Amino acid sequence: MTMMEKAEVAQLLNENPHLKGYLETIRHKIGNPVFYSKVPREVRDESYPNLIYPTKGVVFIHIYRTKDMDELEYHVIEPIVDDVIQEKLDVILKLIVKKAPEKKSVITDGEMKEVLKELIDEITIIDERAIKLQAAKKKGKMTKQEKVKVTSFQKSVLQYFIIKTLVGGGPLEAFMRDPYLEDIHFVANEKIHLIHKIFGMIKTNVLVGEKEAPAFTRSISEKMGSPVSEGRPIVDGVLPDGSRGNIIYSSAVSIKGPSMTIRRFTETPISVTQLIKWGTINSSIAAYLWLCLQYGRSFFLCGGTACGKTTTMNSIIPFVPPEKKIFTAEGTPELQVPHTVWQRLLTKTTGPKEGQVDLFDLLKAALRSRPDYIIPGEVRGAEGNIVFQAMQTGHPCMTTFHAGSITQVIQRFTGDPINVPKTFMDNLDFVVIQLAIERNGRMIRRCTAIDEIEGYNREVDGIMSRKAFEWKADEDVHVFKANRNSFVLEEKIAKNAGYFDTAQIYDEHERRKHILDRMVEEDIMDYYEVVQCIWGFYREGEKGLPITV
(Lines give C-alpha, C1' and ligand atoms only; values in the text may rest on other atoms or scores of the structure.)
Protein backbone atom coordinates (compact mmCIF):
# COMPACT_ATOMS: atom_id res chain seq x y z
CA MET A 1 0.00 0.00 0.00
CA THR A 2 1.46 3.37 -0.94
CA MET A 3 -0.53 5.49 1.55
CA MET A 4 1.00 5.46 5.02
CA GLU A 5 -0.96 4.09 7.99
CA LYS A 6 -1.60 6.29 11.04
CA ALA A 7 1.00 4.41 13.09
CA GLU A 8 3.64 4.92 10.38
CA VAL A 9 2.89 8.66 10.21
CA ALA A 10 3.02 8.96 14.01
CA GLN A 11 6.44 7.26 14.08
CA LEU A 12 7.67 9.51 11.27
CA LEU A 13 6.61 12.64 13.14
CA ASN A 14 8.17 11.38 16.35
CA GLU A 15 11.51 10.73 14.60
CA ASN A 16 11.48 14.02 12.66
CA PRO A 17 10.58 17.01 14.87
CA HIS A 18 11.05 19.44 11.94
CA LEU A 19 8.31 17.61 10.02
CA LYS A 20 6.01 17.74 13.04
CA GLY A 21 6.71 21.47 13.45
CA TYR A 22 6.03 22.12 9.77
CA LEU A 23 2.68 20.32 9.97
CA GLU A 24 1.63 22.43 12.93
CA THR A 25 2.34 25.64 11.01
CA ILE A 26 0.47 24.70 7.80
CA ARG A 27 -2.39 22.56 9.14
CA HIS A 28 -4.80 25.46 9.74
CA LYS A 29 -4.07 26.93 6.28
CA ILE A 30 -4.03 23.83 4.07
CA GLY A 31 -5.44 21.02 6.18
CA ASN A 32 -3.90 17.66 6.98
CA PRO A 33 -1.84 16.30 4.07
CA VAL A 34 -1.95 12.65 3.02
CA PHE A 35 1.34 10.80 3.63
CA TYR A 36 2.64 8.44 0.96
CA SER A 37 5.62 6.09 1.01
CA LYS A 38 5.23 5.78 -2.76
CA VAL A 39 3.26 8.37 -4.70
CA PRO A 40 0.59 6.83 -6.99
CA ARG A 41 0.12 8.34 -10.45
CA GLU A 42 -3.61 8.75 -9.80
CA VAL A 43 -3.02 11.75 -7.52
CA ARG A 44 -2.09 13.88 -10.54
CA ASP A 45 -5.79 13.92 -11.46
CA GLU A 46 -6.77 15.60 -8.19
CA SER A 47 -7.69 19.28 -8.52
CA TYR A 48 -6.29 20.18 -5.10
CA PRO A 49 -3.66 17.60 -4.09
CA ASN A 50 -2.18 17.85 -0.60
CA LEU A 51 0.44 15.20 0.06
CA ILE A 52 3.81 14.59 1.70
CA TYR A 53 6.37 11.92 0.83
CA PRO A 54 9.89 11.16 2.10
CA THR A 55 13.16 11.31 0.14
CA LYS A 56 16.55 10.01 1.26
CA GLY A 57 17.44 11.11 4.79
CA VAL A 58 15.66 13.89 6.69
CA VAL A 59 14.15 15.68 3.69
CA PHE A 60 10.41 15.51 2.94
CA ILE A 61 8.42 16.94 0.05
CA HIS A 62 5.03 18.63 0.38
CA ILE A 63 3.07 19.07 -2.86
CA TYR A 64 -0.17 20.99 -2.63
CA ARG A 65 -2.58 23.37 -4.30
CA THR A 66 -5.39 25.28 -2.63
CA LYS A 67 -8.39 27.04 -4.22
CA ASP A 68 -6.52 30.34 -3.85
CA MET A 69 -3.49 29.12 -5.83
CA ASP A 70 -3.06 29.25 -9.61
CA GLU A 71 -0.57 26.37 -9.69
CA LEU A 72 0.86 23.52 -7.68
CA GLU A 73 3.72 24.15 -5.28
CA TYR A 74 6.58 21.80 -4.41
CA HIS A 75 7.73 22.63 -0.89
CA VAL A 76 10.98 21.24 0.49
CA ILE A 77 10.79 20.35 4.20
CA GLU A 78 14.27 20.15 5.68
CA PRO A 79 15.53 20.68 9.26
CA ILE A 80 16.40 24.16 10.46
CA VAL A 81 19.90 24.72 11.83
CA ASP A 82 19.02 26.34 15.15
CA ASP A 83 21.55 27.70 17.67
CA VAL A 84 22.01 24.33 19.39
CA ILE A 85 22.69 22.41 16.16
CA GLN A 86 24.88 25.25 14.85
CA GLU A 87 27.01 25.06 17.99
CA LYS A 88 27.48 21.31 17.58
CA LEU A 89 28.04 21.74 13.84
CA ASP A 90 30.88 24.22 14.44
CA VAL A 91 32.63 21.82 16.84
CA ILE A 92 32.19 18.81 14.53
CA LEU A 93 33.51 20.71 11.51
CA LYS A 94 36.65 21.69 13.46
CA LEU A 95 37.19 18.06 14.45
CA ILE A 96 36.64 16.89 10.87
CA VAL A 97 39.37 19.27 9.68
CA LYS A 98 41.63 17.97 12.45
CA LYS A 99 40.99 14.26 11.79
CA ALA A 100 40.68 14.31 7.97
CA PRO A 101 44.47 13.98 7.32
CA GLU A 102 44.38 10.60 9.09
CA LYS A 103 42.01 9.26 6.43
CA LYS A 104 42.86 7.89 2.99
CA SER A 105 42.95 10.36 0.13
CA VAL A 106 39.76 10.60 -1.90
CA ILE A 107 39.14 11.30 -5.58
CA THR A 108 35.41 11.11 -6.18
CA ASP A 109 32.50 12.82 -4.44
CA GLY A 110 31.19 9.38 -3.48
CA GLU A 111 34.44 8.57 -1.66
CA MET A 112 34.32 11.97 0.03
CA LYS A 113 30.79 11.31 1.31
CA GLU A 114 31.86 7.96 2.77
CA VAL A 115 34.85 9.52 4.54
CA LEU A 116 32.66 12.32 5.95
CA LYS A 117 30.13 9.77 7.27
CA GLU A 118 32.99 7.77 8.82
CA LEU A 119 34.39 10.89 10.51
CA ILE A 120 30.97 11.92 11.83
CA ASP A 121 30.53 8.40 13.28
CA GLU A 122 33.91 8.68 15.02
CA ILE A 123 33.34 12.19 16.34
CA THR A 124 29.77 11.78 17.66
CA ILE A 125 28.19 9.55 20.25
CA ILE A 126 24.43 8.98 20.51
CA ASP A 127 22.80 10.19 23.70
CA GLU A 128 19.07 10.89 23.40
CA ARG A 129 19.27 13.24 26.42
CA ALA A 130 22.03 15.36 24.85
CA ILE A 131 19.82 18.18 23.57
CA LYS A 132 22.47 20.85 24.11
CA LEU A 133 26.22 20.76 23.54
CA GLN A 134 27.63 18.86 26.53
CA ALA A 135 31.15 18.00 25.42
CA ALA A 136 33.76 19.32 27.82
CA LYS A 137 36.38 21.73 26.58
CA LYS A 138 40.02 22.00 27.60
CA LYS A 139 41.64 25.38 27.00
CA GLY A 140 39.10 25.99 24.25
CA LYS A 141 39.97 22.77 22.38
CA MET A 142 38.47 19.28 22.27
CA THR A 143 40.74 16.52 23.56
CA LYS A 144 41.40 13.43 21.40
CA GLN A 145 39.22 11.21 23.58
CA GLU A 146 36.20 13.50 23.67
CA LYS A 147 33.18 13.05 21.46
CA VAL A 148 30.23 15.29 20.73
CA LYS A 149 27.04 13.94 22.27
CA VAL A 150 24.09 14.13 19.91
CA THR A 151 20.61 12.70 19.63
CA SER A 152 19.84 10.36 16.71
CA PHE A 153 17.87 13.14 15.02
CA GLN A 154 20.63 15.70 15.55
CA LYS A 155 23.16 13.33 14.01
CA SER A 156 20.97 12.88 10.92
CA VAL A 157 20.58 16.66 10.59
CA LEU A 158 24.29 17.34 11.08
CA GLN A 159 25.24 14.67 8.53
CA TYR A 160 22.75 16.10 6.02
CA PHE A 161 24.02 19.66 6.30
CA ILE A 162 27.71 18.70 6.32
CA ILE A 163 27.35 16.61 3.16
CA LYS A 164 25.03 19.18 1.54
CA THR A 165 27.54 21.99 2.16
CA LEU A 166 30.87 20.26 1.58
CA VAL A 167 30.21 17.77 -1.20
CA GLY A 168 26.49 17.73 -2.09
CA GLY A 169 24.29 19.87 -4.27
CA GLY A 170 24.02 22.89 -1.98
CA PRO A 171 20.61 24.51 -2.60
CA LEU A 172 19.76 21.62 -4.96
CA GLU A 173 20.57 18.85 -2.46
CA ALA A 174 16.94 18.12 -1.60
CA PHE A 175 16.09 17.74 -5.29
CA MET A 176 19.01 15.38 -5.87
CA ARG A 177 17.50 13.09 -3.21
CA ASP A 178 13.99 13.02 -4.73
CA PRO A 179 13.48 9.91 -6.92
CA TYR A 180 10.43 11.47 -8.64
CA LEU A 181 12.28 14.25 -10.44
CA GLU A 182 13.32 14.24 -14.10
CA ASP A 183 14.64 17.77 -14.66
CA ILE A 184 15.72 20.71 -12.49
CA HIS A 185 15.45 24.20 -14.05
CA PHE A 186 17.39 26.93 -12.25
CA VAL A 187 17.55 30.66 -13.07
CA ALA A 188 19.25 33.11 -10.70
CA ASN A 189 16.89 34.96 -8.35
CA GLU A 190 13.83 32.99 -9.49
CA LYS A 191 12.00 30.07 -7.87
CA ILE A 192 13.48 26.79 -9.13
CA HIS A 193 11.12 24.77 -11.34
CA LEU A 194 11.12 20.98 -11.74
CA ILE A 195 9.79 18.33 -14.08
CA HIS A 196 8.09 15.88 -11.73
CA LYS A 197 7.43 12.32 -12.94
CA ILE A 198 3.84 12.51 -11.75
CA PHE A 199 2.90 16.20 -11.69
CA GLY A 200 4.91 17.52 -14.64
CA MET A 201 6.26 21.10 -14.44
CA ILE A 202 6.02 22.39 -10.89
CA LYS A 203 7.30 25.44 -8.99
CA THR A 204 9.33 25.04 -5.77
CA ASN A 205 9.88 27.22 -2.73
CA VAL A 206 13.68 27.24 -3.33
CA LEU A 207 15.45 30.30 -4.71
CA VAL A 208 19.14 31.17 -5.18
CA GLY A 209 19.80 34.92 -5.14
CA GLU A 210 21.75 36.95 -7.71
CA LYS A 211 24.77 37.31 -5.40
CA GLU A 212 25.02 33.58 -4.61
CA ALA A 213 24.19 32.28 -8.11
CA PRO A 214 27.61 32.84 -9.81
CA ALA A 215 29.56 31.00 -7.08
CA PHE A 216 26.92 28.27 -6.94
CA THR A 217 26.94 27.61 -10.70
CA ARG A 218 30.76 27.63 -10.73
CA SER A 219 30.73 25.03 -7.95
CA ILE A 220 28.32 22.77 -9.88
CA SER A 221 30.36 23.16 -13.09
CA GLU A 222 33.51 22.06 -11.23
CA LYS A 223 31.66 18.94 -10.04
CA MET A 224 30.88 18.22 -13.71
CA GLY A 225 34.58 18.58 -14.59
CA SER A 226 33.81 21.50 -16.94
CA PRO A 227 34.54 24.74 -15.05
CA VAL A 228 32.49 27.66 -16.32
CA SER A 229 33.80 31.24 -16.68
CA GLU A 230 33.22 34.45 -18.62
CA GLY A 231 35.59 33.05 -21.25
CA ARG A 232 33.68 29.75 -21.34
CA PRO A 233 30.09 30.79 -20.62
CA ILE A 234 28.27 27.60 -21.70
CA VAL A 235 29.24 24.12 -20.54
CA ASP A 236 27.75 20.62 -20.56
CA GLY A 237 28.81 17.83 -18.27
CA VAL A 238 27.89 14.96 -16.00
CA LEU A 239 27.48 15.25 -12.24
CA PRO A 240 28.95 12.55 -9.95
CA ASP A 241 25.56 10.81 -9.64
CA GLY A 242 25.27 10.51 -13.44
CA SER A 243 22.86 13.43 -13.96
CA ARG A 244 23.45 15.61 -17.02
CA GLY A 245 23.98 19.33 -16.53
CA ASN A 246 23.94 22.34 -18.83
CA ILE A 247 25.07 25.71 -17.43
CA ILE A 248 24.81 29.15 -19.04
CA TYR A 249 26.97 31.37 -16.88
CA SER A 250 27.65 34.77 -18.42
CA SER A 251 25.08 37.57 -17.97
CA ALA A 252 26.00 38.62 -21.50
CA VAL A 253 24.44 35.35 -22.68
CA SER A 254 21.86 34.66 -19.95
CA ILE A 255 20.19 38.05 -19.34
CA LYS A 256 18.63 37.12 -15.98
CA GLY A 257 21.93 35.80 -14.63
CA PRO A 258 23.41 32.28 -14.41
CA SER A 259 21.00 29.52 -15.37
CA MET A 260 21.20 25.74 -15.32
CA THR A 261 19.27 22.64 -16.34
CA ILE A 262 19.99 19.30 -14.71
CA ARG A 263 18.54 16.14 -16.19
CA ARG A 264 18.31 13.63 -13.39
CA PHE A 265 19.91 10.20 -13.52
CA THR A 266 17.64 7.35 -12.37
CA GLU A 267 19.47 4.83 -10.20
CA THR A 268 17.01 2.03 -10.96
CA PRO A 269 15.67 1.95 -14.54
CA ILE A 270 11.96 1.91 -15.28
CA SER A 271 10.78 -1.62 -16.14
CA VAL A 272 9.02 -2.64 -19.33
CA THR A 273 5.97 -3.71 -17.31
CA GLN A 274 5.79 -0.21 -15.82
CA LEU A 275 5.78 1.27 -19.34
CA ILE A 276 2.96 -1.12 -20.26
CA LYS A 277 0.98 -0.07 -17.20
CA TRP A 278 1.52 3.62 -18.06
CA GLY A 279 0.43 3.05 -21.65
CA THR A 280 3.72 4.13 -23.26
CA ILE A 281 3.69 0.78 -25.05
CA ASN A 282 1.37 -2.20 -24.78
CA SER A 283 2.15 -5.86 -24.12
CA SER A 284 1.93 -6.69 -27.83
CA ILE A 285 4.66 -4.16 -28.68
CA ALA A 286 6.76 -5.43 -25.76
CA ALA A 287 6.36 -9.05 -26.95
CA TYR A 288 7.39 -8.00 -30.47
CA LEU A 289 10.51 -6.27 -29.11
CA TRP A 290 11.24 -9.31 -26.92
CA LEU A 291 11.37 -11.59 -29.97
CA CYS A 292 13.40 -9.06 -31.98
CA LEU A 293 16.04 -8.63 -29.28
CA GLN A 294 16.24 -12.36 -28.62
CA TYR A 295 17.01 -12.99 -32.27
CA GLY A 296 19.46 -10.10 -32.74
CA ARG A 297 17.49 -7.67 -34.88
CA SER A 298 18.67 -4.05 -35.33
CA PHE A 299 16.46 -1.03 -34.74
CA PHE A 300 16.41 2.70 -33.98
CA LEU A 301 14.32 4.20 -31.20
CA CYS A 302 13.42 7.68 -32.42
CA GLY A 303 11.60 10.74 -31.18
CA GLY A 304 12.00 14.30 -29.98
CA THR A 305 13.70 15.70 -26.88
CA ALA A 306 12.40 14.43 -23.51
CA CYS A 307 10.04 11.85 -25.04
CA GLY A 308 11.53 9.03 -22.95
CA LYS A 309 13.72 7.35 -25.58
CA THR A 310 16.48 6.37 -23.12
CA THR A 311 13.93 5.24 -20.52
CA THR A 312 12.31 2.89 -23.05
CA MET A 313 15.71 1.67 -24.29
CA ASN A 314 16.83 0.79 -20.76
CA SER A 315 13.54 -1.00 -20.08
CA ILE A 316 13.85 -3.36 -23.08
CA ILE A 317 17.59 -4.18 -22.87
CA PRO A 318 16.79 -7.14 -20.53
CA PHE A 319 15.08 -8.80 -23.56
CA VAL A 320 18.60 -9.50 -24.86
CA PRO A 321 19.44 -13.05 -23.62
CA PRO A 322 21.51 -13.02 -20.39
CA GLU A 323 24.58 -14.77 -21.83
CA LYS A 324 25.10 -12.19 -24.58
CA LYS A 325 27.99 -9.70 -24.57
CA ILE A 326 26.83 -6.10 -24.80
CA PHE A 327 28.93 -3.12 -25.81
CA THR A 328 27.64 0.42 -25.06
CA ALA A 329 29.22 3.62 -26.34
CA GLU A 330 27.99 6.95 -24.94
CA GLY A 331 28.84 10.59 -24.48
CA THR A 332 26.81 10.68 -21.24
CA PRO A 333 26.45 7.50 -19.13
CA GLU A 334 22.69 6.85 -19.30
CA LEU A 335 22.34 3.27 -20.52
CA GLN A 336 22.00 0.67 -17.79
CA VAL A 337 22.64 -2.95 -18.66
CA PRO A 338 21.97 -5.85 -16.26
CA HIS A 339 24.07 -8.38 -18.21
CA THR A 340 27.24 -9.82 -16.67
CA VAL A 341 29.37 -9.21 -19.77
CA TRP A 342 28.88 -5.51 -20.39
CA GLN A 343 31.61 -3.36 -21.88
CA ARG A 344 30.73 0.25 -21.08
CA LEU A 345 32.72 2.95 -22.86
CA LEU A 346 32.43 6.73 -22.76
CA THR A 347 33.68 9.45 -25.04
CA LYS A 348 36.45 11.78 -23.79
CA THR A 349 36.22 15.37 -24.97
CA THR A 350 38.64 17.05 -22.55
CA GLY A 351 42.44 17.24 -22.50
CA PRO A 352 44.88 17.25 -25.44
CA LYS A 353 43.36 16.62 -28.87
CA GLU A 354 45.35 13.42 -29.41
CA GLY A 355 43.87 12.00 -26.19
CA GLN A 356 40.26 12.75 -27.05
CA VAL A 357 37.93 9.91 -27.99
CA ASP A 358 34.65 10.46 -29.80
CA LEU A 359 31.72 8.13 -30.51
CA PHE A 360 33.19 7.34 -33.92
CA ASP A 361 36.35 5.98 -32.22
CA LEU A 362 34.33 3.94 -29.73
CA LEU A 363 32.21 2.33 -32.44
CA LYS A 364 35.30 1.38 -34.44
CA ALA A 365 36.74 -0.20 -31.30
CA ALA A 366 33.46 -2.05 -30.77
CA LEU A 367 33.83 -3.88 -34.06
CA ARG A 368 37.10 -5.39 -32.80
CA SER A 369 35.55 -6.53 -29.52
CA ARG A 370 33.13 -9.04 -31.10
CA PRO A 371 30.06 -8.08 -29.02
CA ASP A 372 26.65 -9.70 -29.52
CA TYR A 373 24.94 -6.30 -29.37
CA ILE A 374 26.28 -2.77 -29.94
CA ILE A 375 24.28 0.01 -28.31
CA PRO A 376 25.46 3.56 -29.07
CA GLY A 377 23.80 5.94 -26.60
CA GLU A 378 22.64 8.28 -29.34
CA VAL A 379 23.58 8.75 -32.99
CA ARG A 380 23.73 12.36 -34.16
CA GLY A 381 26.17 12.63 -37.04
CA ALA A 382 28.78 10.85 -39.13
CA GLU A 383 29.15 8.02 -36.61
CA GLY A 384 25.85 6.74 -38.07
CA ASN A 385 27.96 5.36 -40.91
CA ILE A 386 29.83 3.10 -38.50
CA VAL A 387 26.53 1.86 -37.06
CA PHE A 388 25.46 0.70 -40.53
CA GLN A 389 28.88 -0.84 -41.17
CA ALA A 390 28.49 -2.76 -37.90
CA MET A 391 25.06 -4.03 -38.96
CA GLN A 392 26.44 -5.05 -42.36
CA THR A 393 29.11 -7.15 -40.69
CA GLY A 394 26.50 -9.02 -38.66
CA HIS A 395 26.57 -7.01 -35.42
CA PRO A 396 23.05 -6.20 -34.20
CA CYS A 397 22.72 -2.56 -33.13
CA MET A 398 20.11 -0.51 -31.34
CA THR A 399 20.34 3.19 -30.63
CA THR A 400 18.31 6.36 -30.11
CA PHE A 401 17.98 9.06 -32.74
CA HIS A 402 16.20 12.40 -33.04
CA ALA A 403 13.46 12.01 -35.65
CA GLY A 404 9.66 12.04 -35.65
CA SER A 405 8.92 9.51 -38.41
CA ILE A 406 10.53 6.76 -40.47
CA THR A 407 10.64 9.17 -43.42
CA GLN A 408 12.75 11.60 -41.39
CA VAL A 409 15.05 8.74 -40.29
CA ILE A 410 15.68 7.71 -43.90
CA GLN A 411 16.14 11.31 -45.06
CA ARG A 412 18.62 12.13 -42.31
CA PHE A 413 20.66 8.95 -42.68
CA THR A 414 20.88 9.08 -46.47
CA GLY A 415 21.63 12.83 -46.51
CA ASP A 416 24.51 14.95 -45.15
CA PRO A 417 26.45 14.48 -42.94
CA ILE A 418 25.76 10.72 -42.45
CA ASN A 419 25.41 9.76 -46.13
CA VAL A 420 24.45 6.09 -45.75
CA PRO A 421 23.68 4.65 -49.22
CA LYS A 422 19.98 3.87 -49.68
CA THR A 423 20.90 0.31 -50.58
CA PHE A 424 22.32 -0.15 -47.06
CA MET A 425 19.10 0.86 -45.25
CA ASP A 426 17.72 -2.70 -45.22
CA ASN A 427 20.39 -3.56 -42.62
CA LEU A 428 18.08 -1.69 -40.26
CA ASP A 429 15.14 -3.97 -39.40
CA PHE A 430 12.66 -1.50 -37.96
CA VAL A 431 12.18 1.96 -36.47
CA VAL A 432 10.31 2.71 -33.23
CA ILE A 433 8.81 6.21 -32.98
CA GLN A 434 8.07 7.58 -29.51
CA LEU A 435 6.73 11.06 -28.83
CA ALA A 436 5.76 13.31 -25.92
CA ILE A 437 2.14 14.32 -26.56
CA GLU A 438 -0.10 16.81 -24.78
CA ARG A 439 -3.40 15.16 -23.94
CA ASN A 440 -6.13 16.70 -21.75
CA GLY A 441 -3.69 19.33 -20.53
CA ARG A 442 -1.05 16.77 -19.51
CA MET A 443 2.07 15.47 -21.25
CA ILE A 444 2.07 11.75 -21.95
CA ARG A 445 4.67 9.58 -23.68
CA ARG A 446 3.53 7.15 -26.32
CA CYS A 447 5.11 4.83 -28.85
CA THR A 448 3.19 6.14 -31.87
CA ALA A 449 4.48 3.74 -34.53
CA ILE A 450 6.78 0.85 -35.37
CA ASP A 451 7.74 0.64 -39.05
CA GLU A 452 9.53 -2.36 -40.56
CA ILE A 453 12.05 -1.79 -43.35
CA GLU A 454 11.70 -4.27 -46.21
CA GLY A 455 14.50 -2.97 -48.44
CA TYR A 456 15.51 -0.75 -51.31
CA ASN A 457 13.29 -0.55 -54.40
CA ARG A 458 15.35 0.34 -57.50
CA GLU A 459 12.31 1.20 -59.62
CA VAL A 460 11.25 4.05 -57.37
CA ASP A 461 14.71 4.66 -55.87
CA GLY A 462 13.20 4.47 -52.40
CA ILE A 463 13.02 2.45 -49.21
CA MET A 464 10.03 0.15 -48.82
CA SER A 465 8.54 -0.03 -45.33
CA ARG A 466 5.59 -1.68 -43.61
CA LYS A 467 3.59 -0.43 -40.62
CA ALA A 468 3.86 -2.96 -37.78
CA PHE A 469 2.22 -1.01 -34.94
CA GLU A 470 0.21 2.20 -34.85
CA TRP A 471 -1.13 4.31 -31.99
CA LYS A 472 -4.75 5.40 -32.33
CA ALA A 473 -4.84 8.78 -30.60
CA ASP A 474 -8.63 9.03 -30.26
CA GLU A 475 -8.82 5.80 -28.24
CA ASP A 476 -5.26 5.85 -26.81
CA VAL A 477 -4.64 2.26 -27.91
CA HIS A 478 -1.88 0.52 -29.88
CA VAL A 479 -2.88 -1.63 -32.86
CA PHE A 480 -0.79 -4.53 -34.23
CA LYS A 481 -1.25 -3.66 -37.92
CA ALA A 482 1.18 -6.36 -39.10
CA ASN A 483 -0.43 -9.21 -37.20
CA ARG A 484 -0.09 -12.25 -39.52
CA ASN A 485 1.76 -9.95 -41.94
CA SER A 486 5.03 -8.95 -40.25
CA PHE A 487 8.08 -8.85 -42.49
CA VAL A 488 10.50 -8.89 -39.52
CA LEU A 489 8.78 -11.67 -37.58
CA GLU A 490 8.26 -13.95 -40.58
CA GLU A 491 11.18 -13.24 -42.93
CA LYS A 492 13.95 -12.25 -40.50
CA ILE A 493 13.12 -14.24 -37.38
CA ALA A 494 10.88 -17.24 -38.09
CA LYS A 495 12.84 -18.46 -41.12
CA ASN A 496 16.22 -18.10 -39.41
CA ALA A 497 14.92 -19.66 -36.17
CA GLY A 498 13.87 -22.79 -38.05
CA TYR A 499 10.08 -22.52 -37.89
CA PHE A 500 8.58 -25.00 -40.37
CA ASP A 501 5.56 -22.72 -40.71
CA THR A 502 6.51 -19.05 -40.35
CA ALA A 503 2.98 -18.27 -39.09
CA GLN A 504 3.89 -20.10 -35.85
CA ILE A 505 5.94 -17.07 -34.84
CA TYR A 506 2.64 -15.32 -34.03
CA ASP A 507 1.79 -18.06 -31.52
CA GLU A 508 5.12 -17.39 -29.82
CA HIS A 509 4.36 -13.66 -29.91
CA GLU A 510 1.01 -14.30 -28.20
CA ARG A 511 2.76 -16.46 -25.61
CA ARG A 512 5.23 -13.69 -24.72
CA LYS A 513 2.38 -11.14 -24.71
CA HIS A 514 0.42 -13.31 -22.24
CA ILE A 515 3.47 -13.61 -19.96
CA LEU A 516 3.88 -9.82 -19.90
CA ASP A 517 0.16 -9.33 -19.24
CA ARG A 518 0.38 -11.73 -16.30
CA MET A 519 3.42 -9.88 -14.93
CA VAL A 520 1.44 -6.62 -15.06
CA GLU A 521 -1.56 -8.31 -13.40
CA GLU A 522 0.71 -9.58 -10.61
CA ASP A 523 2.13 -6.05 -10.24
CA ILE A 524 5.72 -7.08 -11.03
CA MET A 525 7.01 -3.58 -11.71
CA ASP A 526 10.47 -3.52 -10.12
CA TYR A 527 13.14 -3.47 -12.85
CA TYR A 528 15.29 -6.22 -11.34
CA GLU A 529 12.30 -8.47 -10.62
CA VAL A 530 11.27 -8.08 -14.26
CA VAL A 531 14.83 -8.95 -15.36
CA GLN A 532 14.71 -12.14 -13.28
CA CYS A 533 11.35 -13.11 -14.83
CA ILE A 534 12.58 -12.63 -18.39
CA TRP A 535 15.87 -14.39 -17.77
CA GLY A 536 14.13 -17.18 -15.85
CA PHE A 537 12.01 -17.75 -18.96
CA TYR A 538 15.15 -17.89 -21.14
CA ARG A 539 16.72 -20.51 -18.88
CA GLU A 540 13.75 -22.77 -18.05
CA GLY A 541 10.80 -21.63 -20.12
CA GLU A 542 7.52 -21.04 -18.28
CA LYS A 543 8.84 -23.15 -15.36
CA GLY A 544 11.38 -20.40 -14.72
CA LEU A 545 8.66 -17.81 -14.09
CA PRO A 546 7.64 -16.93 -10.51
CA ILE A 547 3.99 -16.72 -11.63
CA THR A 548 1.50 -19.07 -13.25
CA VAL A 549 0.70 -18.35 -16.88
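Listing for the model above:
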item	result
Violating pairs (Cα-Cα greater than 24 angstrom) within the set Lys94/Lys164; Lys277/Lys513; Lys197/Lys348; Lys277/Lys472; Lys20/Lys94; Lys223/Lys348	Lys197/Lys348; Lys20/Lys94
Residues with amide H under 5 Å from that of Asp183, placed H, sequence gap 5 or more	Ile195, Arg264
Filtered GluC sites (Glu not before Pro), the range 78-129: DSSP coil and at most 11 other beta carbons within 10 Å	Glu128
Average accessible area per residue (Å²) across the chain - probe 1.4 Å, nucleic acids and ligands excluded	49
Two-site label geometry, Thr349 and Glu454: point separation in nm, points 7 Å out along Cα→Cβ	4.1
Of all accessible heavy-atom area on the range 408-549, the percent that carbon and sulfur account for (1.4 Å)	43
Listed residue (Gly110, Thr340, Gly242) projecting farthest to the positive dipole end of the chain, Cβ model	Gly110
Loop sites in the range 15-57: GluC sites (Glu not before Pro), DSSP, at most 12 other Cβ within 10 Å	Glu46
Beta bridges by DSSP in the chain, antiparallel share as percent, to the nearest 5	70
Accessible area of the range 263-318 belonging to carbon and sulfur atoms, whole % at 1.4 Å probe	46
Share of carbon and sulfur in the accessible heavy-atom surface of the range 321-371 [1.4 Å probe, %]	51
Value of relative contact order over the chain, rounded to a whole percent, pairs C-alpha under 8 Å and six or more apart	9
Relative contact order (%) - criterion: Cα under 8 Å, at least six apart; region: the range 384-424	46
Local net charge near Ala286, Cβ-Cβ under 12 Å (Lys/Arg +1, Asp/Glu -1)	+2
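The values are calculated or read from the model by the stated rules, or taken from the named source; none is laboratory data. The structure displayed is predicted, hence computed values, not measured ones. For neighbour counting, all protein chains shown are included, and Cβ atoms are generated from backbone atoms with ideal geometry for every residue, glycine included. Surface accessibility is based on the protein's heavy atoms, side chains included, excluding ligands, DNA and RNA. Shrake-Rupley method; radii C 1.70, N 1.55, O 1.52, S 1.80 Å.
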